[in-house]
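Notes to accompany the following structure.
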Amino acid sequence: MPKKNNHRRRFRLPRPTSWRGLFVKLAIAGLVPLLVFFAYCDAKVRGAFDPQRYDQPAKVYARPLVLASGAVLTSYELEEELRNLGYRQLRLVNEPGSYLRQGDMFTIYLRPFDFADGHRKAKKITVEMAATTVRVVRNALGERIAEEQLDPTVIGGVYPGRHEDRLMLSLDEVPEMLVETLLQVEDRHFYSHFGLSPRSIARALIVNIKAGRTVQGGSTLTQQLVKNTLLTNERSLWRKFKEAAMSLLTEMHYSKDRILEAYINEVYLGQEGNRAIHGFGLAARHYFNRPLQELDLAQVSMLVGLVKGPSYYDPWRHPQRATSRRNTVLAELAEEGWLNAEQLEAWKKEPLSLSKSSALAGVYPAYVDLVRRQLSRDYARQDLQKNGLRIFTPFDPLLQRRAEAATAKALSQLAERKKDLQVAMVVTAVDSGDVVAVIGGRQPRYAGFNRALDALRPIGSLAKPAVYLTALNQPDKYTLLTKLRDEPLSVPNADGTLWRPSNYGRKAHGMVPLHKALSHSYNLATANLGLDLGLSDVLDMFQRLGVHRPLLEVPSMLLGAAELAPIEVAAMYQTIAADGRYTPLRTIYAVSDAKGKPLARYPQQPKQVIDAAPVHLLQYAMLETVREGTGKSVYRVLPKDYRVAGKTGTSNDTRDSWFAGFAGDYLAVVWMGLDNNASTGLTGASGALRVWRQFMAEASTEQMPFAQRSNMEYLWVDAESGLRTQSWCENARYVPFIKGSEPRQSGGCAPDGEKMWNWFKGIFD
């Protein structure tokens, strides 16, 4: 029999699916993206809190104030310096950053500080002051010491693109009081949870339900750190989920102490302009101008209170809110038994004790601008923005304030004539070439166009010393008594026009001695002299003096058509003040890393570019300028017997007013003008000189030295004829000559007979 077709056996109903298998498959399907997510989060967390990760801007420091016997300083200035540094006056000077003044006696507990040349431990000293000088400095044992110096103040920095700033601290540098207060207020169970605190979340939930709104959060310090460092402020469940995951991973990778240290350095606590203040270390400087270690409980409580909302509780803008929040923090400490009721009330009555303004504000923008430009030559921008470099400068806050006061006074006096008058000023130390003060505009505390560095303006008669020095450098041809032609001239320009200079006042003076031509700033005499010397030789002298900007070889440059910035003029006159030694102007003398390790030094290396003898002759004529010539109004303010040398400068149509001059200690260059290049109606004497003389009257303590030199011969000569004469003769002048160039012939009033007897008799009358 044929077999029965039983093909239906090939088809079977499927077995019921195993629920266990399905669960496994779904679990695997869900686990893979979860593992990917956690891998992503783990990659983000690893290395996130490395100290090197944080941007640490370079800090720029002023000079440390040196306290040495005989140093010129008043008691007022010393106390002002201490206050600016945030030193507190206490009855008992028993901690760093404190002092006590008793009349002219100061007891100072110096802070520890990493100077450019090494670390200084905290120490106590006493300083006895005289009227205008330091009398004596003693150590804690009462022994006299040669000198000591205050810690320098921060005057600025170089900040990253996102304008974050912080002062990195290790956990052992953080006061225990801050740690305990922070944990009490923000995360009481920090050392017991694993990144998330169910207890805190539950407590916050209950409080918020009772209040009917969100009044308390349940985030741990770890969560706050993760959010501030790795996440955005987005409000969503997904962001909270990432925050939770990253917090768990952070706790896996880092110790509690490391997390706490990162939080203390990272937390956002305020704003200074466009600069974000991060970390408690910098916040202490920002609000109180003191190191974190010197704050009291009330100040620490205010900083901890700011964590909740730095803008809302800004103590300068909202002092009542800040005080209330601080008192809430103090109350929480009392609840835990840290304070009794009496102590709590006492601390609540404490004022906020803020500094007058942020100690981090860029109050010297023009000077810091100059520092940044010099730094950019040697350091990459990233190094300056991230590596916490410490930049030490010779900037002198005392001199800067005197310069600001002098400019403000002059601008006030001239306000009726020109309301928009601008000013720039550069001050250098004659002996070193250090730039010690800079003013970039009529509002020197505000950043903006830096006229001291960038305002290229015709220098007028400030060019003349280069012309006369070119001549005096040829003693076989020129002396101070050489007669020059102060007569009209006409010189064709390259474009076919004629250059016809004239004197101020439109008057020619005929034949005049060289020293008078300079001291009275005669244009015609200078132009004739410069053309006789040759334009190329005069341009070479500009370069030797330190003017590196290319200048056009045209006749008008002899009278200051060349456009230079005040800082360039200062470099030129610095060489003259330093007896022909060229020294590049210095604004940085040392750089160290964030831990105080020296990285670079910038020693000065002066170079004798012009023999001192002809420079000495030039200085003589510049002394005459302020005694008898265009700068004689100097002595309306300065003592009549005080030696200073200088030169006025006025550009065409009185658009620019200049004065450059020096004493024995400081050189100052001042410019006045209008940004639109319109006429000011001011000459160098009526404008810039006002600022210069007021500044020097307040700042300079060493008059210009002018001793006779070994290769020089000083003689009494007749000012008109140039012949040798006697001191008692009419028109007699005591004039220096480079040996070999002095006049040989005598003339004038050589006394004999009755004249001799009358002269001899007069000695005893």
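Residues checked against (1) under 20 Å from Val538 (Cα atoms); (2) exposed (fewer than 13 other Cβ atoms within 10 Å of the Cβ); (3) of a type outside the set (S, T, N, Q); (4) not assigned by TED's automatic domain parsing to the domain that holds Asp718:
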{"residue": "Ala452", "(1), (2), (3), (4)": "no, no, yes, yes"}
{"residue": "Ala455", "(1), (2), (3), (4)": "no, no, yes, yes"}
{"residue": "Asn473", "(1), (2), (3), (4)": "yes, no, no, yes"}
{"residue": "Thr479", "(1), (2), (3), (4)": "yes, no, no, yes"}
{"residue": "Pro488", "(1), (2), (3), (4)": "no, no, yes, yes"}
{"residue": "Arg500", "(1), (2), (3), (4)": "yes, yes, yes, yes"}
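Annotation: Ala410 fulfils all but one of (1) out of contact with any Lys or Arg (no Cβ under 6 Å at 6 or more places or on another chain); (2) part of a helix (DSSP H, G or I); the unmet one is (1). Return yes or no: is Lys477 under 44 Å from the mean Cα position of the chain (by Cα) and either among the basic types (Lys, Arg) or within 30 Å of Ala405 (Cα to Cα) (or both)? No; evaluated as a whole, the condition is false for this residue. Hey, does the range 344-367 have a residue that's assigned to a helix (DSSP H, G or I), modelled with pLDDT under 90 and in contact with an Asp or Glu (Cβ under 8 Å, 6 or more places away or on another chain)? No. Quick check on Arg733: is it modelled with pLDDT of 85 or more and under 18 Å from Leu623 (Cβ atoms)? For Arg733, the condition - modelled with pLDDT of 85 or more and under 18 Å from Leu623 (Cβ atoms) - is met.
Assess whether Lys242 counts as being basic (Lys, Arg) and modelled with pLDDT under 85. Judged against the criteria, Lys242 is a match.
Conditions (1) acidic (Asp, Glu); (2) more than 30 Å from Leu585 (Cβ to Cβ); (3) free of Cβ contacts under 8 Å to residues at least 12 places away in the same chain, marked per residue:
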| site | (1), (2), (3) |
| --- | --- |
| Pro475 | no, no, no |
| Thr482 | no, yes, no |
| Ala494 | no, yes, no |
| Gly505 | no, yes, yes |
| Leu518 | no, no, no |
| Val538 | no, no, no |
| Leu545 | no, no, no |
| Leu551 | no, no, no |
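The listed residues are Val426, Val435, and the only one of them that is over 20 Å from Val158 (Cα atoms) and within 14 Å of the chain's Cα centre (by Cα) turns out to be Val426.
For every residue, the table says whether it meets (1) touching a residue at least 24 places away in the same chain (Cβ under 8 Å); (2) assigned by TED's automatic domain parsing to the domain that holds Pro291.
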| residue | (1), (2) |
| --- | --- |
| Ile108 | yes, no |
| Ala122 | yes, no |
| Thr132 | yes, no |
| Arg135 | yes, no |
| Glu173 | yes, yes |
| Glu176 | no, yes |
| Phe194 | yes, yes |
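Which one is modelled with the lowest pLDDT, of the residues in the range 368-391 that are surrounded by fewer than 21 Cβ atoms within 10 Å (Cβ to Cβ) and among the small types (Gly, Ala, Ser)? Among those that are surrounded by fewer than 21 Cβ atoms within 10 Å (Cβ to Cβ) and among the small types (Gly, Ala, Ser), it is Ala380.
Considering the range 585-601, the residues that are of a type in the set (Lys, Arg) and within 19 Å of the chain's Cα centre (by Cα) include one that is farthest from Phe115 (Cα to Cα), namely Arg586. Being surrounded by fewer than 23 Cβ atoms within 10 Å (Cβ to Cβ), assigned by TED's automatic domain parsing to the domain that holds Leu564 and out of contact with any Pro (no Cβ under 7 Å at 6 or more places or on another chain): is that true of Gly460 here? Criteria not met by Gly460.
All conditions but one from (1) in a loop (DSSP other than H, G, I, E, B); (2) closer than 18 Å to Leu282 by Cβ; (3) not assigned by TED's automatic domain parsing to the domain that holds His286 apply to Pro310; the one that does not is (3).
Based on this model, can you work out whether Arg321 counts as among the basic types (Lys, Arg), surrounded by 13 or more Cβ atoms within 10 Å (Cβ to Cβ) and within 30 Å of Ala600 (Cβ to Cβ)? No; evaluated as a whole, the condition is false for this residue.
Among the criteria (1) under 25 Å from Pro513 (Cα atoms); (2) touching a residue at least 60 places away in the same chain (Cβ under 8 Å), the one Gln726 does not fulfil is (2).
Would you call Glu702 modelled with pLDDT of 90 or more and of a type in the set (Asp, Glu)? The answer is yes for Glu702. Comparison of Leu723, Leu674 shows that the only residue that is in the same structural domain as Ile576 (by TED's automatic domain parsing) and surrounded by fewer than 17 Cβ atoms within 10 Å (Cβ to Cβ) is Leu674. Among the candidates Ala660, Ala621, the residue that is modelled with pLDDT of 95 or more, in a helix (DSSP H, G or I) and in the same structural domain as Ala471 (by TED's automatic domain parsing) is uniquely Ala621. Applying the criterion of being more than 26 Å from Thr575 (Cβ to Cβ) and of a type in the set (Asp, Glu) to the residues of the range 636-660, the residue that is surrounded by the most Cβ atoms within 10 Å (Cβ to Cβ) is Asp653. Among the conditions (1) of a type outside the set (Ser, Thr, Tyr); (2) surrounded by fewer than 18 Cβ atoms within 10 Å (Cβ to Cβ); (3) in a helix (DSSP H, G or I), the only one that Leu599 does not satisfy is (3). Going through (1) outside any loop (DSSP other than H, G, I, E, B); (2) modelled with pLDDT of 95 or more one by one, Ile610 falls short only on (1).
The values are calculated or read from the model by the stated rules, or taken from the named source; none is laboratory data. Only a predicted model underlies this, so the values are computations on that prediction, with no experimental measurement involved. Please note: Cβ atoms are built from the backbone with ideal geometry, for glycine as well, and neighbour counts cover all protein chains shown.
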